[in-house]
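Participant: Handing you a structure now.
The values are calculated or read from the model by the stated rules, or taken from the named source; none is laboratory data. Here the structure is a predicted model, which is why all the values come from computation and not from measurement. FYI the Cβ positions are ideal-geometry reconstructions off the backbone, even for glycines, and counts take in every protein chain you see. These area figures cover heavy atoms from the full protein model, side chains too; ligands, DNA and RNA do not enter into them. Shrake-Rupley method; radii C 1.70, N 1.55, O 1.52, S 1.80 Å.
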Amino acid sequence: MVLFERYRDFKKLFISAFLLIGSLCTGMLGFVLIEGFSWVESFYMAVITFSTVGFNEVYPLSENGRLFTSIYIIFNLMIFAYVVSVFSTYLFEGELNRLYRKYVFGKEVKKMKDHIIVCGFGRNGNRACEELRSQKVDFVVVDRNEQLIDLIQNQRKYKFILGDPTHEEVLEEAGIKKAKALITTLPSDAENVFLTLTVKDLNPAVKIISRASEENSIKKLKQAGAQHVIMPDAIGGLHMAQHITKPFVIEYLDQLSGHQEDGLTLEEIRYVDLRSDYQGQTIESMDIRNRTDVTVVGLNDKNGKFIFNPSSKVLMEPEVVLVIVGTYPKVQDFKSEYLK
């Protein structure tokens, strides 16, 4: 697989080299057979003919030799034009830089652990990557569309793997066996189901969040192993309708989603991330609201149960996760005060 990828990256260079060597060998063979030149003389004639430098011939050519040389020059002009275009692409149009970045990103991906794999870089995949980057979460993008490479690599500067995400070898290259979760936003529900089955076979412990277009695909995706299935179109339609039926609720949700400049931010605060002097304290004794103007809106207890608007008497114990909400500056103040 690695050798195949290397060949694909430098395919045009290999073709150019093959054409150059093939043309040189053809010229040498023609001058040996038609003119009776030695191999060294034939090599010289092939080189000066191919390069069109205009040096003198070794010996005057026969009529057949002139005919062969004329045809040889015509074909070499086409070959030369192709070779120049290929080298221009690699040297002046950024192709070598793209391949270098791909090599560097590939080395970085091999070192990644507990990262997120995003399969598909369409509208949903793009937004997922923006959120992961804003939260400083390590992730790698997998997509088969070569036209997206410039956007992924040069503009966004995301780590990426070019290939079909439904293929095992591509997933292994993306580090699926060391990944924490996978987000699949492929346009086809059938592909998402197949990808989910493939991922669960390679790493049963990985968490999978999948996109779905049809409602009847949700059950299939969950049976295949997806923990969460999202229908973006359905959510979008509901959101638009609720701008009419529940406008103030939607305004609040828009603030939480970061759609507004002065919006609110939701954060998860884990027990292990708290400073030691706050571990084991109650929410009341931590005095979060008064110190940072941040509100605790939920809590996931040590049994994995989510509690909305938890009691101030709840202790911060191992496995407990707080959910807080506040403006971005206030949340940053909270982190400075309470986290390690």
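Participant: Residues being surrounded by fewer than 15 Cβ atoms within 10 Å (Cβ to Cβ) and among the polar types (S, T, N, Q): count how many of those fall in region 121-142.
Facilitator: Total satisfying the criteria: 2.
Participant: Moving on. Working only within region 193-243, note down all residues that are of a type in the set (Ser, Thr, Tyr) and buried (at least 16 other Cβ atoms within 10 Å of the Cβ).
Facilitator: Passing the criteria: THR196, THR198, SER210, SER217.
Participant: Checking the condition among the small types (Gly, Ala, Ser) and within 30 Å of ASP201 (Cβ to Cβ), which residue from GLY225, GLY236, GLY280 passes?
Facilitator: Result: GLY225 is the single residue among GLY225, GLY236, GLY280 that is among the small types (Gly, Ala, Ser) and within 30 Å of ASP201 (Cβ to Cβ).
Participant: Could you check region 226-340 for helices (runs of 4 or more DSSP H) lying wholly inside it with 2 or more residues that are within 30 Å of ARG211 (Cα to Cα) and among the polar types (S, T, N, Q)?
Facilitator: Per the criteria, 232-245.
Participant: Let me ask something else about it. Would you check which residues across region 312-332 are touching a residue at least 40 places away in the same chain (Cβ under 8 Å), more than 19 Å from THR282 (Cβ to Cβ) and surrounded by fewer than 16 Cβ atoms within 10 Å (Cβ to Cβ) and list them?
Facilitator: THR327, TYR328
Participant: Considering only residues of region 10-23 that are open to solvent by 50 Å² or more (accessible area, probe 1.4 Å) and touching a helix residue (DSSP H, G or I) at 6+ places or on another chain (Cβ under 6 Å), which is nearest to THR69 (Cα to Cα)?
Facilitator: LEU19
Participant: Among the candidates ALA205, ALA212, ALA190, single out the residue that is without any contact (Cβ under 8 Å) to a residue 24 or more places away in the chain and closer than 20 Å to ASN145 by Cβ.
Facilitator: ALA190
Participant: Something else: Looking only at region 105-142, how many residues end up being within 18 Å of LEU171 (Cα to Cα) and either modelled with pLDDT of 90 or more or out of contact with any strand residue (DSSP E or B) (no Cβ under 9 Å at 6 or more places or on another chain) (or both)?
Facilitator: Residues in region 105-142 being within 18 Å of LEU171 (Cα to Cα) and either modelled with pLDDT of 90 or more or out of contact with any strand residue (DSSP E or B) (no Cβ under 9 Å at 6 or more places or on another chain) (or both): 19 in total.
Participant: Of the residues LEU264, LEU299, which is modelled with pLDDT under 90 and surrounded by 15 or more Cβ atoms within 10 Å (Cβ to Cβ)?
Facilitator: After applying the criteria, what remains is LEU264.
Results for (1) under 19 Å from LYS335 (Cα atoms); (2) over 31 Å from the mean Cα position of the chain (by Cα), shown as yes or no for each residue.
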residue	(1), (2)
LEU238	no, no
VAL249	no, yes
GLU268	yes, no
TYR278	yes, yes
GLU284	yes, yes
VAL294	yes, yes
ASN303	no, yes
GLU319	yes, yes
